[in-house]
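The values are calculated or read from the model by the stated rules, or taken from the named source; none is laboratory data. As the structure is a prediction and not an experimental result, all values here were calculated from the model. A quick note on method: Cβ atoms are made from the backbone with ideal geometry, for glycine too, and the neighbour counts reach across all protein chains shown. Ligands, DNA and RNA are excluded from the accessible area calculation, which covers all protein heavy atoms including side chains. Shrake-Rupley method; radii C 1.70, N 1.55, O 1.52, S 1.80 Å.
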Amino acid sequence: MIFASLLAESSSLAADGGQSTSFAIENLLTIIAVVSLVGGSLFSIIGGIGICRLPEFFSRMHGAGITDTMGAGLILIGLMIYSGLSLVTFKLMVILFFLTITSPSSCHALAHSALAKGLKPELDLKRGPVERQPNASEARS
Amino acid sequence: MIITALSATAIAVLVTMTLALIRAMLGPTVFDRVLALNMFGTKTVLFICVISYLQGRTDFLDLALLYSLMNFIGMVALLRFTTQGDFGQDRCDVSDILGTKSGPISRSPITADRAVKSAEVTR
């Protein structure tokens, strides 16, 4: 791993003399990167479970949205923090920018076309869940 | 510690891709499937980024960037096809671009064949 070897080199150079604070900062940055990566992966799994278990299409879009914003954002920010200031960070920033622009607009186009085709949300805020109409036997009694 | 975290992230992204594929297979409407495939594409981009860190090569980030753009274009094309039935090639009037009047045979290559064949059949 190129990045790990670079970090080890700089920390071993900093270990002599009065340069020990940079070692602590690099360790702290690594810990922040690990926390971001783990948080991002947790949000991805939560979004994946949501897209499987939620009852209808417009609710499932919420699960996909969680994955695209928090999951992708935290994972890429963790990778950026880990590699410091370099060309790799710039490339990751460009990837994050494109993901932020393209993924919500495709979800918006999808919801727009679903509404245009006549798919209605079942869990409506004003009406509550759609109630079952009473059939003939219940109407008589 | 970072290698453990990167491996755990890669496994989590793989699990999310599997869940998205399950929804793509199960989804009763076509919109569920398109949503799941969009999520699958986004997770693929993340997976390529994480794998590039595990391998130690920085070249894979270019692949991730390209794939995110291709995913977007594929989604837009698929949405156009599901809502309008074609990719829009018949409605493009080439005479506006060329500056000439278009005759009864349309100038797009796919329908030009069909028009010639139908003319042969009716003769």
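Among the helices (runs of 4 or more DSSP H) confined to the stretch B:35-123, the ones with at least 2 residues that are modelled with pLDDT of 90 or more and surrounded by 12 or more Cβ atoms within 10 Å (Cβ to Cβ) are located at B:60-84. Count of the stretch B:10-36 residues, restricted to those that are without any contact (Cβ under 8 Å) to a residue 24 or more places away in the chain, closer than 20 Å to B:F81 by Cα, more than 7 Å from chain A (Cβ to nearest Cβ) and within 19 Å of the chain's Cα centre (by Cα), is 4.
Selection of the stretch A:35-67 for residues being within 7 Å of chain B (Cβ to nearest Cβ) and open to solvent by 20 Å² or more (accessible area, probe 1.4 Å) yields A:V38, A:I45, A:I49, A:C52, A:M61. State which residue is nearest to the chain's Cα centre (by Cα) when the search covers only the stretch A:93-106 and only residues that are facing chain B (nearest Cβ under 7 Å) and of a type outside the set (S, T, Y). Here the answer is A:L99.
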